[in-house]
Amino acid sequence: MTTRPTEMECCAASGLLIKTLRFRDTKDFGGGIKRPATIETDSPPYKNYKSVMLYVKIKKRDFPDEVFSLNYLPRGEDLRK
């Protein structure tokens, strides 16, 4: 059995809720990749605004650990190739 989050609340250091993410429509993208195909976000400080991300295709890629560091951030565009 695999568990996946269905909702995530993001709070500022003060405890103020600044964003809620909802993960919906879990889909098998092939290659052992099962992920939500829809992610909805809303921000209580900005009433009536919502973002929706729809994923149609996901491919597996391997990245070195250094990619997940602040030092690598300026080169992030290189990962899109």
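Over all distinct Cα-Cα pairs of the range 7-80, the Kirkwood formula returns a hydrodynamic radius of 15.0 Å.
Among the listed pairs Lys19/Lys57; Lys34/Lys59; Lys27/Lys59, those with a Cα-Cα distance over 21 Å are Lys19/Lys57.
Phi angles across the range 41-58 convert, under the Karplus curve 6.51 cos²θ - 1.76 cosθ + 1.60 with θ = phi - 60°, into 3J(HN,Hα) values of 10, 9, 10, x, x, 10, 4, 6, 10, 9, 10, 10, 10, 10, 9, 9, 9, 9 Hz, Gly and Pro given as x.
For Ile18, the amide hydrogen comes within under 5 Å of the amide hydrogens of Cys10, Cys11, Ala12, counting only partners 5 or more places away or on other chains and with H modelled in the peptide plane. Sorting the segments 32-44, 2-14 by their residues' average number of neighbouring beta-carbon atoms within 10 angstrom, most packed first, yields 32-44, 2-14. Computed on the range 7-80, with alpha-carbon pairs under 8 angstrom and 6+ residues apart, the relative contact order is 20 percent.
Read the figures in this text as sums done on the coordinates, not as results from a lab. Not measured: the values here are computed from a predicted model. All Cβ positions, glycine included, derive from the backbone under ideal geometry; neighbour counts span all protein chains shown.
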